[in-house]
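> Let me give you the structure first, and then I'll get to my questions.
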Amino acid sequence: MVAVAALASLGAMAMPAVAATPAATVKAPTAAATFTPASVAPGGVSRLVVSATNNTTRGMSSVALGVVLPPLPVTIVRQPAGAGCRRAVGNLLYCLVSLSPGTTRSLILDVTGSAVGTFTASSYARNIATMDETGATATLTVG
């Protein structure tokens, strides 16, 4: 009983003030994806631009810029300079890039609307050092 009474009295003790920890710095690049135009006739071509932007004050030496492509014919128009781009399992295409503070790197693709419907491309930008990432989607309507 004495131990329980001693513990109960601890609740009434004043605790020292603890300084607030500053908010964590954003460590992920910002992903973006756009189809231009967002709607095409069957057989038409839309340009898909996926990008990663470093909005921080620190460089990011290893960023994965990727996109899960819709099941349509795709042609790479331009990949980021100096980037190693690869096609992975399924419709995943990704590039490894570096981002200086305030810079954007983009992967540009032409997508042919070979089937009628609505198709989504899902992109991501991942800081490999921290594994923090953001994502974006773009929708293409063929019809």
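> Counting just the residues of region 49-75 that are more than 15 Å from the chain's Cα centre (by Cα) and of a type outside the set (Ser, Thr, Tyr), which one comes out nearest to GLY135 (Cα to Cα)?
PRO70
> Further question on the same structure: Cβ-Cβ under 6 Å, sequence separation 6+ or interchain: first residue in region 64-91 and in a strand (DSSP E or B), partner of a type in the set (Gly, Ala, Ser). Which pairs?
As it stands, the answer is LEU65/ALA52; LEU65/ALA125; VAL67/ALA121; VAL67/SER123; VAL68/SER122, since those pairs meet every condition given.
> Which numbered condition in (1) of a type in the set (A, V, I, L, M); (2) touching a Pro at 6+ places or on another chain (Cβ under 9 Å); (3) closer than 30 Å to VAL40 by Cβ is the only one that LEU99 fails?
LEU99 satisfies all of (1) of a type in the set (A, V, I, L, M); (2) touching a Pro at 6+ places or on another chain (Cβ under 9 Å); (3) closer than 30 Å to VAL40 by Cβ except (3).
> In region 93-119, what residues are aromatic (Phe, Trp, Tyr) and over 12 Å from ALA52 (Cβ atoms)?
The one that is aromatic (Phe, Trp, Tyr) and over 12 Å from ALA52 (Cβ atoms): PHE119.
> Take VAL49 and decide whether it is surrounded by fewer than 21 Cβ atoms within 10 Å (Cβ to Cβ) and in contact with a Phe, Trp or Tyr (Cβ under 9 Å, 6 or more places away or on another chain).
So VAL49 passes the test.
> Restricting attention to region 93-143, report how many residues are crowded, with 19+ Cβ neighbours inside 10 Å, under 16 Å from the mean Cα position of the chain (by Cα) and under 15 Å from LEU72 (Cα atoms).
Number of matching residues: 3.
> Within region 25-54, count every residue that is part of a loop (DSSP other than H, G, I, E, B) and hydrophobic (A, V, I, L, M, F, W, C).
Going residue by residue through region 25-54, those that are part of a loop (DSSP other than H, G, I, E, B) are 25-29, 37-38, 41-44, 54.
Adding the requirement that they be hydrophobic (A, V, I, L, M, F, W, C) leaves 26, 28, 38, 41.
So the count comes out to 4.
> Hey, another quick one. When the residues of region 32-44 are narrowed to those that are surrounded by 13 or more Cβ atoms within 10 Å (Cβ to Cβ) and out of contact with any Leu (no Cβ under 8 Å at 6 or more places or on another chain), which ends up nearest to SER100 (Cα to Cα)? Let's see the steps before the verdict.
As a first pass, look at region 32-44 and keep what is surrounded by 13 or more Cβ atoms within 10 Å (Cβ to Cβ): 32-35, 39-40, 44.
Filter once more, keeping what is out of contact with any Leu (no Cβ under 8 Å at 6 or more places or on another chain): 32, 44.
On the way: ALA32: 17, GLY44: 36 Å.
Ranking the qualifying residues of region 32-44, first place goes to ALA32.
Readers should treat all values here as calculations from the given coordinates under stated rules, not as data from a laboratory. Please read these numbers as outputs of a predicted model, since none were measured by experiment. Here Cβ is always computed from backbone atoms with ideal geometry, including for glycine, and neighbour counts include all displayed protein chains.
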